[in-house]
Every structure is written in C-alpha cells, then in structure tokens.
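Asker: Starting off with a structure, shown below.
The values are calculated or read from the model by the stated rules, or taken from the named source; none is laboratory data. Because the structure is predicted, anything quoted here is derived from the model rather than measured. FYI the Cβ positions are ideal-geometry reconstructions off the backbone, even for glycines, and counts take in every protein chain you see.
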Amino acid sequence: MDTISSCLASTSDTLYVAPDTAYFPLHCSSRIDVECGAVASSRLRLHRDFYLNPFVNNTGCDDASGTMTLVLDSRVNYNATLSIYPADTVRGDTLIWNYSGLSNIATGAYWNSFISNVYLSMDTSVTVGDTLCFRVYTNVMAADVNPVNNDYSACFPVVYSYDPNFKEVSPAGNISASGETLTYTIHFQNTGSDVAENIRVVDTLDSRFDMKTLKILSTSHQMSPRWLASNVVEFDYNYINLPDSSANEPGSHGAVSFSIKLKPGIPFGTQIKNKGYIYFDLNSPVITNATNNTITRPASITNVSASLPVKIYPNPAKDMVYVENLSGGELSIISMNGSVVLSRNIDANKTSIDVSSLADGVYIIKTVNNNATSTIKFTKQ
C-alpha cells in the first residue's frame, strides 16, 4: 500500500497526519517552512561511539534549498569515513551540508527530509552524568513562514548501561490535560546476529489523544508511516538494513520521535499509558517499557501582571542574561526539547545568569513566584 497521499494546499502551515484513512495525507501551505533538529539513535553510553542524526525538513509544498550546520560538543570527535552523508565542509567543530529540492510533495517519505548520520566518539574527559550538547541550524530563506524553528539545540545525558529498546515521554510524570502535548521517542536496536532488513514500529495510542494532532518530529532513518487503525500508528523502515550490534554497535540503533495532543476535559487522576512494539523482520515484537503520565489538578497559577512583567536582556545573549521584576521564587532555563538545563532559587528583584556554557540556540526562561508564572523565549548565540 502506498503510504503517501498527495500534498494538499491548505490555509494552515501546520503539518499533521490525519487518521481518517489508512493513508497519511500531508497538509501544508504552498510556501516554505524548513525546520531542523537532531536525534541520537540511542542513549549515549559512556565511551561508546554513537550516531547523531541532524536533519532538515520542509513541511511546505515549495522547494527549499540551503545549508544545514551542526555545531558539535567540544568533547566529541567526528569521523567522516564512518558517517553516512559526510559533511560537505568541516570547520573545526562545525559541520556543514548543502541540500536542495526539499518539498512536502516529494515521494519516498512522509515529507522530504535531509538526514545525515554523523559518527561521533567521546574523548576521555567525558564521565557518566555529563551532558553532551549540539546545535543544528539552517539558513533562513525569505519565503520561510516560520524562521523560529530553523535553529535547534539538543543535549543528551551520558549513561553507563540501559535497555536499547525503550520508550520515553516528555514531559514525564504528572501533567495537566488542558492543551497538553506529549512527545514520545521510541528507540530500537538490532541485537540479533544478522542485518535487519525491515523494521516496523507500532504504537497503539490512548483514545484520549486527538489523533489528528500527531506530528512526526524526527527519525534516525528514512521511513514511511501509516495508520493501521484509528488510533494505531505504524512507522515502516523498509529496507533499512540495520546492522547487528556485534558487527556495528553504533550503527545498530534507530529512533523515531513524534508529538500528539490530549483531548480537553480529561478527569483528574486519569493515567495515560503507552508502549511501543518493535518488529525486526518476521520476528515476534520486542515490547518497550510503558510510559505513564497522570492528569493532576493544576495549582492556582496566573500570569504575571502586565503592569510589572518579568523582562530579560540582552536578547540574544552571549555570556550573561539579566532578569528583572522577579520578586523571588524559582527560575529555570529549558531547552527546546524540554530539558531543564539550569534551575535556581531567586531571592531578589533582579538577577544575572551566566549562560556562556549553554549551546547556541533557542531556550525558554521560566519563572514561578507567589503562584504566578512567566515564560520568556531567548536566544543564546
């Protein structure tokens, strides 16, 4: 079955996948919306080589061309020989690729993506608990309808051991149902004794999700999605030829990430559970761990008064950020993948934050005090 239907002109610039048939109709504008990101094919295991997959997507129907740039963490080393689609240009810790003809009406995938598989190794200074951070960005074209998503920063913790077939959710734990979006990532690894020619990842979604809001965020390898039922989504990695772990451990991993919104009005105390089924060729499925979110009653939180808004400067910032009108409370800096990269208690109206160690990219500063919350976006450069 062809899993791709035609690109439909729409007044909306949002890509979503509609489960009204077995197809994945792609809704997009007639313009350009390039976005970039990165996914690690596996959790980063201490002193194990790994693949990082930076990518650029275009969810618009017009062709997009440009460059994709990856800035590496200073504690990793790039191996061009073992990388799939090596960088066209290397400048120290900066890798640059040229891409062209990206369009949502391209054939062969859910949308036309440029994906590289970058082979990296850690230096001896990295220890368990460290976090390796990377930045991916693409040039902003005049016709791009949303330049904000052209710059992406991601940080990955270094661990010692783990189950290679697992599922994670962000945010984790207690959540509020009102407009809440959950992001799921399913990781898989071929631990068999031969190449896995085809892999299928199947996910049965809770009926409390609005299925039409499902959005595929990233994938380690090219794949095609389809709906098996109104709430069952399948990601097909046909002809992936994923090597086994004994032959090529870093290359034996893969991952897919997607987001989906909950319906409104879910009762407090409801648990949203989810797990994935991974089929390697004709073998019985490998079942992942189950994620679990609980709908809780939110605390009484209101927006900060417009007469005394929290403000930050400079923005963009390079080394220091100054935050005013706090009146104490707690401050957090959150990366665009939902990770808290800095948190501190505030006991003054004004504070300074050293952001020099953060990877370049877009972040959210969140402040909470006296049952009031504020979120402000800023750019580290």
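Asker: List pairs: first in segment 317-343 and on the phi > 0 side of the Ramachandran plot, second in a strand (DSSP E or B) and modelled with pLDDT of 85 or more, Cβ under 9 Å, 6+ apart or cross-chain?
Answerer: Short answer, once both residue conditions are applied: Gly338/Thr183.
The rows are residues; the columns are (1) at pLDDT 85 or above; (2) touching a His at 6+ places or on another chain (Cβ under 8 Å).
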site	(1), (2)
Val118	yes, no
Met122	yes, yes
Thr131	yes, no
Val136	yes, no
Ala142	no, no
Val145	no, no
Asn165	yes, yes
Ala177	no, no
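Asker: Considering each residue of segment 41-68, count those that are crowded, with 21+ Cβ neighbours inside 10 Å and modelled with pLDDT of 85 or more, and give that number.
Answerer: Total satisfying the criteria: 11.
Asker: If we scan segment 297-316, do we find a residue that is modelled with pLDDT of 80 or more and in contact with a Gly (Cβ under 8 Å, 6 or more places away or on another chain)?
Answerer: The answer is no; no qualifying residue exists.
Asker: Moving on. I'm trying to understand the selection: among the residues of segment 80-98, which are modelled with pLDDT of 90 or more and of a type in the set (A, V, I, L, M)?
Answerer: Correct list: Ala80, Leu82, Ala87, Val90, Leu95, Ile96.
Asker: What do you reckon, is Gly101 at pLDDT below 85 and of a type in the set (Gly, Ala, Ser)?
Answerer: yes
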